[in-house]
Every structure is written in C-alpha cells, then in structure tokens.
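Trainee: The structure that follows is given in the form of structure tokens.
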Amino acid sequence: MRAAPLALRLLCLAGLWPLARLTGGHIPNKRRHKEVYLGEETRNKHGGRVDFRMKKQDSTKSLLIKSEQLLRIEDHDFAMRPGFGGSAIPVGIDVQVESIDSISEVNMDFTMTLYLRHYWQDDRLAFPSGSNKSRTFDARLVKKIWVPDVFFVHSKRSFIHDTTMENIMLRVFPDGNILFSVRITVTALCSMDFSSFPLDTQNCTLELESYAYNENDLMLYWKNGNDSLRTDEIVLSHFFIEEFHPSYGLAFYSSTGWYNRLYINFILRRHIFFFMLQTYFPTMLMVMLSWVSFWIDRRAVPARVSLGITTVLTMSTIITGVSASMPQVSYVKAVDIYLWSSFLFVFLSVIEYAAVNYFTTMEEMKKLKRAKQVPPSFDATTQAMAFDGCFHDNDVDLASFGEAASITNTERTAHSRNSTADSAPAEGTRLRRKNPVVKNLQYVMSNSYMIDSYSRVIFPMAYLLFNVIYWSMYA
C-alpha cells in the first residue's frame, strides 16, 4: 500500500522535470540577448547588473532610415523636377544679407555673405502626420532629393560655409512644401563708374538664376515681394549703403531660351572724409606753399627754386599714390582733374619765378648798357650774375654812375629834340597810337618786381575760383 503512493510521486516528478528544464533554459537566453543589445557601456554604468525597466530602445538610432521610408525617397526618381512634363514649378526666393565683407575698386567686385532660402512644393515628399509638424534635416538628405539649381550670375568665387557642419537646412512639411536654406559667401562683379571718384555713387547688383531650367520648367520669383530682401545693420568703412531693393527680369540665351532672373540691387555712396584727409587737404597745402615764393626776395634764387621744386615733387608723389590705388581706366576721374589742376598751379608758380628772374636780369643788363663808363668791378659782377642768374646791386659801385648817367641824360635829351625836329610828321600824316596792352606789358617787364605783386593776388583768386567750380559740379 505504501509503495503505490511512492510510485505515484515518482511518476509526477518524472513528468514535471522536462517542463522545468525547458523553462529554466529559456530565461537565461532571453537575459543574455538583452544584455548584448544594451551593450558593454550600460552594464558598466550599472555595476554589471541591468535593470530591465531601463531597457528602452533609443528611437533616434534609425531616424534617418525611418525618414527615408516615411518620405518614400526610394520610390521616386528625384533626378527629375516635380511635375515633370507639366507647367513650370514655382520656386520662391528670399534673401537675408548678413554682411558685405569687402568692395574692391581695383578688381571691380564685392564680397557678400547671405542666407539664401528656397520655397517650393514637391508632392513626392508629402507624408502623413497627426500633429502636422514639419521635419528638419541637414545636408545628408539634401543630396538624395531634387533641389533648385540656383547660381549667381557674374560671380567670381563662392562657397557654402562648412563650420562645423555644412550650413544647409532642409525642412519638409506634411503637405509636401519644402524650405531649403543655405549660407553662402559670394564674390561677384560690380561694374563701377569712376568718372566722379571719389565723389561717386555706385550701383551694384547680385543676380540669381537657374542654371539648367528655363522659364518653361522653373519659375523664380520673390517669395514676399519687396519684403523678400532683408538686411542686418551693415556698416562699411568707405561707403554708405543708401538702398537695398529686389527686382525681377528675364535673361535670353540663344541656345537655351529665356530664364527667370532675380536681382539684388544696392546703392553705395562713398565716404569723402577719408579722401579729404589723404588727398585733397595735402594738395591744397602744397598749392598754398608754392605761393610763399611770391613773398621771397626775387634775388634769393636758391630759396625760391628749392621751394618750387619741392612742391612740384610732392604733388607728383600724391598723384602717383592715388593712381596706384585705382584701376587703370581710360577716362578722366574727378580726382584726376583736381590733382592735375593743382599741379598746374604749382608748376606755374615755378614758371612765374623763372620769368621774374629773367626780366630782372634783362633790366639790370639794360642799365649797364646805358652807362658809358663801366665800373672797374664790371668783370666780377658779370661773373657773379652768371653763377646765380641775377644781378646784385651790392656788387657794383654805383657812385660812378652819377656822372655817366647825367651826361647820358643830357645827350639823350639833346638827341631827342633834334630827332623830334628832324622827324616832325608832315602835314596830313596819321599818328599811330601804341596798343595799351603792349604798353602795360612792357611796363611790367621793365619793372619785374610787379610780377610778384600781381601773382600774390591772381594765383589765390584763380585757385579759389577753381575750387568753387569743382565742388559745385561734383559735390
């Protein structure tokens, strides 16, 4: 009787043993699998023991793959534009100018950093969303979809900023609307007119256009009209920015047709104060310095010649410095007119002293020829005059000229009376008057000191008149 219950117990244990072994072997395998999934870092962080309540998978590990599946990128050919074969796809543009980095007169270009934003709709990228929220991506997804091929016309250099990543942003909305933004620095041509330099105003333009798609495939337009162009507070060293405004136009190419083109126009007015300090004020001072020679004694040849040559050379240096910083244009600039006119005034002051010195020498020579008795020191005086170009009264003993001059005057008076009697005009002869201009000129030439007296008034007045005309025309 006792053997029967014992046999029944053994039979129950034998039946439960395989089930217990199967359950005990399945749980460790499951734990081992979860530990491999969480990784070595998670085990170390929790001291080798893992709390199963913390085992929640990171949802961002496969976000890119999920986004590609959500946008169905593999299901479409994004080498073709949206709506291929139909009407042109409209692409809105807005621009925010961050800075104008440089403006070069020598190269005739400007460098600008801006945010270029594109807006269009691509139904192929529409996705279902309960919250109607957009998804934002970087440059990695941009390379897999279609984006407008906008480029800058007449650009010399341009690049997309890539610190710390490429400055590209793509935002996709559930209805297929797309915002594509990129940060670019571009150096573009600006055709400048330097006729009024440095009192000039320049109008520069940055032009945007699609490279491959003409107006039948892609229509560029300003997204918000005149409000599509925004600027930060931009301060330039040499220019005032008077105006920023967008415009629109068409460009024609004989081989491919008409293209939509957008224009970013900005007007620059140059700062004049820098050029006043560097060019105009020094030039005025050099011209005024050349007038100092009019107050120096006409017999001080070294002083007046050295002053005149110094001002001429200084003016030449100023002209050379200004020309070196400007492009080699074939027309005359406003600064050229001022510099060369000022150089002419300086040059004429040197020529004025040459005339004064010449007439003074001729006047002294005539006095010597009128004297019949030449002083013993005539030879030494002639040598002194040959060395410095003028006659010195202190080198000649003028005491001996008294008798000779009185004798000469007496003989001249008698001779003039005889000649007057002999050469009396016959009855009916017409007397010819001497030209007053020639008479005054001969009088000035015989009194050379008057040339300096007239120059002290004529030169400043003429230069003042020139400045009034110049600044009224160009200012």
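The values are calculated or read from the model by the stated rules, or taken from the named source; none is laboratory data. Small disclaimer: the values here were computed from a predicted structure and weren't measured. No Cβ is skipped: glycine too gets one built from the backbone with ideal geometry, and neighbour counts run over all protein chains shown. Heads up: the accessible areas ignore ligands, DNA and RNA and are worked out on the full protein's heavy atoms, side chains in. Shrake-Rupley method; radii C 1.70, N 1.55, O 1.52, S 1.80 Å.
Trainee: If we keep just the residues of the stretch 83-106 that are under 9 Å from residue 217 (Cα atoms) and hydrophobic (A, V, I, L, M, F, W, C), which is least open to solvent (accessible area, probe 1.4 Å)?
Mentor: Looking at residues that are under 9 Å from residue 217 (Cα atoms) and hydrophobic (A, V, I, L, M, F, W, C), I get 89.
Trainee: Also: Evaluate the stretch 380-395: report whether one residue or more is surrounded by 13 or more Cβ atoms within 10 Å (Cβ to Cβ), in a helix (DSSP H, G or I), at pLDDT below 95 and among the acidic types (Asp, Glu). Show your work before the answer.
Mentor: Within the stretch 380-395, the first condition is being surrounded by 13 or more Cβ atoms within 10 Å (Cβ to Cβ), and the residues that meet it are 381-382, 384-385, 388-391, 395.
Filter once more, so that each one left must be in a helix (DSSP H, G or I): 381-382, 384-385, 388, 395.
In the following step, the residues that additionally are at pLDDT below 95 were identified as 381-382, 384-385, 388, 395.
Then drop every residue that is not among the acidic types (Asp, Glu), which leaves 388, 395.
Checking the stretch 380-395: at least one residue is surrounded by 13 or more Cβ atoms within 10 Å (Cβ to Cβ), in a helix (DSSP H, G or I), at pLDDT below 95 and among the acidic types (Asp, Glu).
Trainee: Now a separate question. Any residue at all in the stretch 222-229 that's loosely packed, with under 15 Cβ neighbours inside 10 Å and either at pLDDT 95 or above or in a strand (DSSP E or B) (or both)?
Mentor: The answer is no; no qualifying residue exists.
Trainee: Residues to consider are 325, 330; find the one that is out of contact with any helix residue (DSSP H, G or I) (no Cβ under 6 Å at 6 or more places or on another chain), touching a residue at least 40 places away in the same chain (Cβ under 8 Å) and open to solvent by 30 Å² or more (accessible area, probe 1.4 Å). Outline the logic, then answer.
Mentor: Working: 330 fails: touching a residue at least 40 places away in the same chain (Cβ under 8 Å).
Step by step, each of 325, 330 is checked, and only 325 is out of contact with any helix residue (DSSP H, G or I) (no Cβ under 6 Å at 6 or more places or on another chain), touching a residue at least 40 places away in the same chain (Cβ under 8 Å) and open to solvent by 30 Å² or more (accessible area, probe 1.4 Å).
Trainee: Assigned to a helix (DSSP H, G or I) and not aliphatic (A, V, I, L, M): is that true of residue 183 in this structure? Give the derivation first.
Mentor: Numbers: assigned to a helix (DSSP H, G or I): no; not aliphatic (A, V, I, L, M): yes.
Considered against the rule, which asks whether it is assigned to a helix (DSSP H, G or I) and not aliphatic (A, V, I, L, M), residue 183 comes out as no.
Trainee: Quickly run through the stretch 221-265 and pick out the residues that are charged (D, E, K, R) and under 23 Å from residue 104 (Cβ atoms). Show your work before the answer.
Mentor: Filtering the stretch 221-265 for residues charged (D, E, K, R) gives 223, 227, 230, 232-233, 242-243, 261.
Of everything in the stretch 221-265, those that are charged (D, E, K, R) and under 23 Å from residue 104 (Cβ atoms) turn out to be 232, 233, 242, 243.
Trainee: While we're here: Please go through the stretch 138-181 and give me each residue that is within 25 Å of the chain's Cα centre (by Cα) and crowded, with 18+ Cβ neighbours inside 10 Å, ordered by number. Before the answer, list the steps.
Mentor: Applying the first criterion (within 25 Å of the chain's Cα centre (by Cα)) to the stretch 138-181 yields 151-161.
Within the stretch 138-181, just 152 meets the criteria.
Trainee: Here's a follow-up. Identify, by number, the condition in (1) in contact with a helix residue (DSSP H, G or I) (Cβ under 7 Å, 6 or more places away or on another chain); (2) open to solvent by 30 Å² or more (accessible area, probe 1.4 Å); (3) aliphatic (A, V, I, L, M) that residue 315 doesn't meet.
Mentor: Just one mismatch for residue 315, condition (2).
Trainee: Right, here's the next one. Looking only at the stretch 237-266, which residues are of a type in the set (A, V, I, L, M) and open to solvent by 30 Å² or more (accessible area, probe 1.4 Å)? Let's see the steps before the verdict.
Mentor: Kept after step one, since they are of a type in the set (A, V, I, L, M), are these residues of the stretch 237-266: 241, 250-251, 262, 264.
Those that are of a type in the set (A, V, I, L, M) and open to solvent by 30 Å² or more (accessible area, probe 1.4 Å): 241, 250.
Trainee: Could you list, in sequence order, the residues of the stretch 289-299 that are surrounded by 15 or more Cβ atoms within 10 Å (Cβ to Cβ) and without any contact (Cβ under 8 Å) to a residue 60 or more places away in the chain?
Mentor: Within the stretch 289-299, the first condition is being surrounded by 15 or more Cβ atoms within 10 Å (Cβ to Cβ), and the residues that meet it are 289-291, 293-294, 298-299.
Listed by number, the list holds a single entry, 289.
Trainee: Taking the stretch 129-166 as the region of interest, how many residues are touching a Lys or Arg at 6+ places or on another chain (Cβ under 6 Å) and over 29 Å from residue 84 (Cα atoms)?
Mentor: The total comes to 1.
Trainee: Quickly run through the stretch 118-135 and pick out the residues that are open to solvent by 50 Å² or more (accessible area, probe 1.4 Å), more than 15 Å from residue 73 (Cα to Cα) and either modelled with pLDDT under 90 or touching a Phe, Trp or Tyr at 6+ places or on another chain (Cβ under 7 Å) (or both).
Mentor: Within the stretch 118-135, 130, 131, 132, 133 meet the criteria.
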